[in-house]
Amino acid sequence: MAVERLFKDEATEEKGERARMASFVGAVAIADLVKTTLGPKGMDKILQSTGRGHSVTVTNDGATILKSLHIDNAAAKVLVDISKVQDDEVGDGTTSVVVLAGELLREAEKLVNAKIHPMTIISGYRMAAECARNALLEKVVDNKLDAEKFKTDLMKIAMTTLSSKILSQDKEHFAKLAVDAVMRLKGSTNLESIQIIKKPGGSLKDSFLDEGFILDKKIGVGQPKRIENAKILVANTAMDTDKVKIYGARVRVDSMAKVAEIEVAEKEKMREKVQKIINHGINCFVNRQLIYNFPEELFADAGVLAIEHADFDGIERLALVTGGEIASTFDNPESVKLGHCKLIEEIMIGEDRLIHFSGVEMGQACTIVLRGASPHMLDEAERSLHDALCVLSQTVIDSRVLFGGGWPEMVMAKAVDELARKTPGKRSHAIEAFSRALVAIPTIIADNAGLDSAELVAQLRAEHHKEESNAGIDVISGSVGDMADLGISEAFKVKQAVLLSATEAAEMILRVDEIITCAPRRREDRM
């Protein structure tokens, strides 16, 4: 007996071939969207919000582009998620992972049309991914023990990462900034202690690395402008006198003298609070909230530098790097952990005054100050630098390095091709398809640079059939070049994450044979 209708009104379902087509089309469309941003000659996208303020973002970072899109297609959302995970995990390769997953699905679509079962394709893809990973593992270089060579590796990786971003013109300068900042972390991946401050003005070349911590605030009037051997109390507490803290409360008095009494009482209360704070034996007080004139005056009289309204990120980071904790009650001075630093002083960057904390407790803390022509440029520079910092901090832990410029893909494709020849049955078609998807990445890099990709990839394949070839695409000269001479390197961890995430995402989408879209539950009218 056939069921007439299973779902409520407005719910739709697509089965079998139609569901698979919808998944393929959505995923491939997303891959095509970010494809043009891949490689050193990739183009940027402008993202304009329709919300209030119509904010504009100019970027070629795959994760940023995909994060900003509101997508309806379920398979496309899977690709958006893998690019986000790639960004959180290793910081770079966000575009590559989406493009590779898209190419794997494009190849899978042809195989499904040729009546090969999705499970057979998945099985072939798994074998190919394992083979590709092993091919890379045989070729990795690890210079962890030789500090000088390892630093050179880090510089090359940073320059390769930055060459596809807005910072590519000054990539040596920024690669040095990023490597110096990451080397200070001494093996930690906590990028919290590297602060990035953006100041419009000047050019990108004027950006610099500063040891210590910079807080984007001014020092108040009449307060010490320089403090040595600072003891810092970082707090999040109300320092305003003229508010009754109960919403909607009213105070009724029958004479002006009573008003004066209330004011005096409030002032006394504030004076006591300030005295409690000063009793901690501090000479610098940083507060998350406002500090009104009266308490500020009291702090100035006591020779304590009071900084108000520090943004929450700034205050958390300041507590972290000076070794203090954020306090909100001050009755027990012995239980509050103070921050320490050798010197606090006011500095000028461009037209702005900022507060500089040097000789902080956490030796690895540093601040990178970015300068640039416009806020959009600075935002993109920050994203680019953040990618480089993430990759470098991961490489310090997993120090295996590969060449870049399409070299790893060709190495993997060659190994996967050999596996396809040895594998009997229909799975060999899937393994071959995997190899074609890998070759698509150098093809797209060449296409984006306006080069003849068919010619270059054919030359590249021929080069890779020679023993120990380092050939990759040199987009600057528009030919096949030696990646070792050009100094184009990538972190093994990034390539491995791209390969495994893209294969898993393609596998997940291939398994789909039905898409059910349910309408949201409606609220019933309660009468």
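The values are calculated or read from the model by the stated rules, or taken from the named source; none is laboratory data. Not measured: the values here are computed from a predicted model. Note that we place each Cβ from the backbone using ideal geometry, even for glycine, and neighbour counts take in every protein chain shown. To get the accessible areas, we keep the full protein, side chains included, count just its heavy atoms, and leave off ligands, DNA and RNA. Shrake-Rupley method; radii C 1.70, N 1.55, O 1.52, S 1.80 Å.
May I ask you to verify whether residue 511 is among the basic types (Lys, Arg), closer than 16 Å to residue 411 by Cβ and surrounded by fewer than 23 Cβ atoms within 10 Å (Cβ to Cβ)? Judged against the criteria, residue 511 is not a match.
Looking only at residues that are aliphatic (A, V, I, L, M) and either part of a strand (DSSP E or B) or within 16 Å of residue 412 (Cα to Cα) (or both) in the range 138-148, which one is most open to solvent (accessible area, probe 1.4 Å)? Among those that are aliphatic (A, V, I, L, M) and either part of a strand (DSSP E or B) or within 16 Å of residue 412 (Cα to Cα) (or both), it is 141. All of (1) at pLDDT below 80; (2) among the hydrophobic types (A, V, I, L, M, F, W, C); (3) open to solvent by less than 70 Å² (accessible area, probe 1.4 Å); (4) under 19 Å from residue 196 (Cα atoms) hold for residue 294 with one exception: (4).
The number of residues in the range 390-424 that are touching a residue at least 24 places away in the same chain (Cβ under 8 Å) and not in a helix (DSSP H, G or I) comes to 10. Restricting the search to helices (runs of 4 or more DSSP H) fully inside the range 47-137 and requiring at least 3 residues that are closer than 18 Å to residue 35 by Cβ and β-branched (Val, Ile, Thr) gives 74-89, 94-113. Considering only the range 43-63, how many residues are surrounded by 21 or more Cβ atoms within 10 Å (Cβ to Cβ) and in contact (Cβ under 8 Å) with a residue 60 or more places away in the chain? The qualifying residues number 3.
Restrict the check to the range 113-124 and report whether at least one residue is small (Gly, Ala, Ser), out of contact with any Gly (no Cβ under 6 Å at 6 or more places or on another chain) and open to solvent by 60 Å² or more (accessible area, probe 1.4 Å). Looking for residues that are small (Gly, Ala, Ser), out of contact with any Gly (no Cβ under 6 Å at 6 or more places or on another chain) and open to solvent by 60 Å² or more (accessible area, probe 1.4 Å), one finds at least one in the range 113-124, hence yes.
Being touching a strand residue (DSSP E or B) at 6+ places or on another chain (Cβ under 8 Å), in contact (Cβ under 8 Å) with a residue 24 or more places away in the chain, more than 30 Å from residue 159 (Cβ to Cβ) and surrounded by fewer than 23 Cβ atoms within 10 Å (Cβ to Cβ) is a description that does not apply to residue 29.
With respect to residue 171, is the statement that it is open to solvent by 60 Å² or more (accessible area, probe 1.4 Å), free of Cβ contacts under 8 Å to residues at least 60 places away in the same chain and not in a strand (DSSP E or B) true? Criteria met by residue 171. Inspection of the range 448-456 identifies at least one residue that is free of Cβ contacts under 8 Å to residues at least 40 places away in the same chain and open to solvent by less than 30 Å² (accessible area, probe 1.4 Å).
Only one entry in 387, 379 is assigned to a helix (DSSP H, G or I) and over 26 Å from residue 496 (Cα atoms), namely 379. Considering the range 409-425, the residues that are over 20 Å from residue 469 (Cα atoms) and among the small types (Gly, Ala, Ser) include one that is least open to solvent (accessible area, probe 1.4 Å), namely 420. Criterion applied to 14, 107 was being surrounded by 16 or more Cβ atoms within 10 Å (Cβ to Cβ), at pLDDT 85 or above and either more than 30 Å from residue 382 (Cα to Cα) or aromatic (Phe, Trp, Tyr) (or both), and the one residue passing it is 107.
Test residue 443 against the criterion of being β-branched (Val, Ile, Thr), modelled with pLDDT of 90 or more and surrounded by fewer than 22 Cβ atoms within 10 Å (Cβ to Cβ), and give yes or no. It is true that residue 443 is β-branched (Val, Ile, Thr), modelled with pLDDT of 90 or more and surrounded by fewer than 22 Cβ atoms within 10 Å (Cβ to Cβ).
Number of residues in the range 337-367 that are crowded, with 20+ Cβ neighbours inside 10 Å and of a type in the set (Val, Ile, Thr): the value is 4. Just to be sure before I move on: is residue 86 farther than 30 Å from residue 426 by Cα, surrounded by fewer than 17 Cβ atoms within 10 Å (Cβ to Cβ) and not β-branched (Val, Ile, Thr) in the structure I sent? No; evaluated as a whole, the condition is false for this residue.
Residue 186 meets each of the listed conditions (1) under 23 Å from residue 365 (Cβ atoms); (2) open to solvent by less than 70 Å² (accessible area, probe 1.4 Å); (3) in a loop (DSSP other than H, G, I, E, B) apart from (2). Among the residues here, residue 428 qualifies as open to solvent by 10 Å² or more (accessible area, probe 1.4 Å) and of a type in the set (Ser, Thr, Tyr). The set of residues in the range 381-399 that are under 13 Å from residue 90 (Cβ atoms), open to solvent by 10 Å² or more (accessible area, probe 1.4 Å) and not acidic (Asp, Glu) comprises 386, 390, 394, 396, 397. Checked against the criterion of being at pLDDT 80 or above and either loosely packed, with under 11 Cβ neighbours inside 10 Å or more than 20 Å from the chain's Cα centre (by Cα) (or both), the candidates 225, 218, 176 yield just one match: 225. Every condition in (1) open to solvent by 20 Å² or more (accessible area, probe 1.4 Å); (2) in contact (Cβ under 8 Å) with a residue 24 or more places away in the chain holds for residue 161 except the one numbered (1). Any chance the range 159-181 includes a residue that's under 21 Å from residue 318 (Cβ atoms) and not acidic (Asp, Glu)? Yes, some residue in the range 159-181 is under 21 Å from residue 318 (Cβ atoms) and not acidic (Asp, Glu).
Mind telling me which of the residues 152, 161 ends up being touching a helix residue (DSSP H, G or I) at 6+ places or on another chain (Cβ under 7 Å) and either under 30 Å from residue 17 (Cβ atoms) or in a helix (DSSP H, G or I) (or both)?
Sole residue among the options that is touching a helix residue (DSSP H, G or I) at 6+ places or on another chain (Cβ under 7 Å) and either under 30 Å from residue 17 (Cβ atoms) or in a helix (DSSP H, G or I) (or both): 161.
Being closer than 16 Å to residue 326 by Cα and open to solvent by less than 40 Å² (accessible area, probe 1.4 Å) narrows it down to one of 306, 300, so name that one.
It is 306.
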